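Here's the structure we're looking at; comments come further down.
The values are calculated or read from the model by the stated rules, or taken from the named source; none is laboratory data. In this text the structure is predicted, and so the values were computed from the model without any measurement. With ideal geometry, Cβ positions are generated from the backbone for all residues, glycine too; neighbour counts draw on all protein chains shown. Just so you know, the surface numbers come from the protein's heavy atoms only, side chains and all, with ligands and any DNA or RNA stripped out. Shrake-Rupley method; radii C 1.70, N 1.55, O 1.52, S 1.80 Å.
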Amino acid sequence: MDKYKWSYYNYLVVDKDVGYFLIYNTKSGAVGSGKLSNISENDLKDDPNLLLNHEYFSFFIENGMIIDSSINEIEELKKLHNNPVSKNITLTILPTVSCNFGCSYCFVNTMPATSDTSMPPDIRNGILKYIDKVSKENEIEMVEIIWFGGEPLLAVDSIEKFMTQLRVLANVNNFVTSCTIVTNGYLLTPEVFDRLYDNLVRVYQITLDGTKETHDIYRRILNDNSPTFDIIYQNLLAIKCKPEKDVLVQIRANFLKNNIDSMKDLLKMYEQDFKDDNRFSLCFRPIIDFEKGMPSELLTIKKEARNLEFDMMRLMEEHQIDVGDLNRMFSVLPTPIDRWCRIGETYRYIISYDGSLYHCNACVSDKSAQIGKIDKDGNIITVPSITDWQYSVFDYSDVSCIKCRRLPICMGGCVRERNKTGMSPCHWTDDYIYRSMKYVLQQSL
């Protein structure tokens, strides 16, 4: 029996005009190129045991492109996927579902900023009791808090009180904390930023829908329809003026078909104002799935979205702006994962202001997607619908995912989308991967 075989998850691009090849393995995430003068195209497809003495052999072995013939790659992926136990607690908390913005594409059914949808103190304390109990009983190493909404800065006092108590628990129960806030940035004044920083909030995700011209069309103040871009941008510049603050600021740019030029202009602004500060990063994300009546001609289908993202990533590289690895969805060549999102991971919940629990933050306005509730004593009470989210691609009757070479970078895709449509939610295509590989090969020459 032959000792070695090619991995099932190899993608190969051969460019005879330039005399190079590029190989990419979705299971290991490794990419490598070489000269066709050193190895033929047939050698890259035929029996790898004939390459034992070849100069490229050790690279292929080390990067999972050639593997031991006894290895069952599907079983390895299944084991990786079905082992979600974590030593972390990850809680996305909505301290309010009120918002000061009226964004037409928001998937959360937010209430006006004047509405009282703040998290009651007993629910806030119940979450802290849950963290205290679980961290004591399970040797938790990290507690990750993600503040979401609504607009969480409408409840900054509540955030401050929670984080003050969490810091005490961290010292007593010996875990570290990680804290992110997803905010529209309008209320992130220098004074509020300092308050958050002093309470361990170190990662900020802020959305700009292009430059002022397009941003102010889609992201306006709810009650009087006034523009917001200038204030948000000044708040970002104010953070830059505090180089002593050890933070990460992720600027997310949402694009539609009709505002790509504005995205390019935003990239130029970012290059001028933030490129020299490695605490800042930029990614471009398409708006695809609308449930609020946005005209369909403005939306991108997945294939269009991936290609437009690719064009923006290529433009960033031309401007020598690091795409980075903070957002795995914004990547020229996708990286391998154990599951599409953290659904199913132990000690991971999305908690709305009223204590209701969800697996996905895109479902917090859908009561049918509620999986339970947390009570004032920190107990998690689940409901039968939780089984709808207990999905594993390896138990699914459609074998197309199991046979797909993109499985290691997808692992069955979005559970919410699969539940909603009953279809395999393919995010990347072979066409996209080959296009990206050809680009990577060109850049490496």
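Trp340 fulfils the conditions (1) under 24 Å from the mean Cα position of the chain (by Cα); (2) at pLDDT 85 or above; (3) open to solvent by 30 Å² or more (accessible area, probe 1.4 Å); (4) of a type outside the set (Gly, Ala, Ser) except for a single criterion, (2). Just give me the residues in region 215-238 being open to solvent by less than 20 Å² (accessible area, probe 1.4 Å), among the β-branched types (Val, Ile, Thr) and part of a helix (DSSP H, G or I), in sequence order. Answer for region 215-238, where residues must be open to solvent by less than 20 Å² (accessible area, probe 1.4 Å), among the β-branched types (Val, Ile, Thr) and part of a helix (DSSP H, G or I): just Ile232.
Every residue, every condition in (1) small (Gly, Ala, Ser); (2) at pLDDT 80 or above; (3) part of a loop (DSSP other than H, G, I, E, B), yes or no:
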{"residue": "Lys373", "(1), (2), (3)": "no, yes, no"}
{"residue": "Lys376", "(1), (2), (3)": "no, yes, yes"}
{"residue": "Thr387", "(1), (2), (3)": "no, no, no"}
{"residue": "Ile402", "(1), (2), (3)": "no, yes, yes"}
{"residue": "Ile409", "(1), (2), (3)": "no, yes, no"}
{"residue": "Glu417", "(1), (2), (3)": "no, no, no"}
{"residue": "Ser424", "(1), (2), (3)": "yes, no, yes"}
{"residue": "Asp431", "(1), (2), (3)": "no, yes, no"}
{"residue": "Ser436", "(1), (2), (3)": "yes, yes, no"}
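Can you confirm whether Ile61 is over 30 Å from Ser178 (Cβ atoms), in contact with a strand residue (DSSP E or B) (Cβ under 9 Å, 6 or more places away or on another chain), at pLDDT 95 or above and crowded, with 19+ Cβ neighbours inside 10 Å? Considered against the rule, which asks whether it is over 30 Å from Ser178 (Cβ atoms), in contact with a strand residue (DSSP E or B) (Cβ under 9 Å, 6 or more places away or on another chain), at pLDDT 95 or above and crowded, with 19+ Cβ neighbours inside 10 Å, Ile61 comes out as no.
Right, Lys133: closer than 20 Å to Leu94 by Cβ and in contact with a Gly (Cβ under 6 Å, 6 or more places away or on another chain) or not? In short, no.
If you go through region 44-58 and pick out every residue that is over 37 Å from the mean Cα position of the chain (by Cα) and surrounded by 16 or more Cβ atoms within 10 Å (Cβ to Cβ), you end up with 1. Selection within region 147-177: residues that are farther than 21 Å from Leu222 by Cβ and part of a loop (DSSP other than H, G, I, E, B). The member of this set that is most open to solvent (accessible area, probe 1.4 Å) is Asn174.
Mind listing whichever residues of region 216-228 are within 18 Å of Pro286 (Cβ to Cβ) and in contact (Cβ under 8 Å) with a residue 40 or more places away in the chain? Give the derivation first.
Within region 216-228, the first condition is being within 18 Å of Pro286 (Cβ to Cβ), and the residues that meet it are 217-219.
Hits for region 216-228 are Tyr218, Arg219.
For region 179-209, how many residues meet the condition of being open to solvent by less than 10 Å² (accessible area, probe 1.4 Å) and not polar (S, T, N, Q)? Final tally of qualifying residues: 11.
Restricting region 52-93 to residues that are assigned to a loop (DSSP other than H, G, I, E, B) and charged (D, E, K, R), which is nearest to Ile159 (Cα to Cα)? Working first, answer last.
The first filter runs over region 52-93 and keeps only residues assigned to a loop (DSSP other than H, G, I, E, B), leaving 52-56, 63-65, 69-72, 82-87.
Next, from what is left, pick out any that are charged (D, E, K, R): 55, 87.
On the way: Glu55: 57, Lys87: 24 Å.
This residue is Lys87.
Of all the criteria given as (1) out of contact with any strand residue (DSSP E or B) (no Cβ under 8 Å at 6 or more places or on another chain); (2) modelled with pLDDT of 95 or more; (3) open to solvent by 40 Å² or more (accessible area, probe 1.4 Å); (4) more than 26 Å from Lys161 (Cβ to Cβ), the one not satisfied by Asp261 is (2). Checked against (1) over 15 Å from Phe101 (Cα atoms); (2) touching a His at 6+ places or on another chain (Cβ under 8 Å), Gln250 passes all but condition (2).
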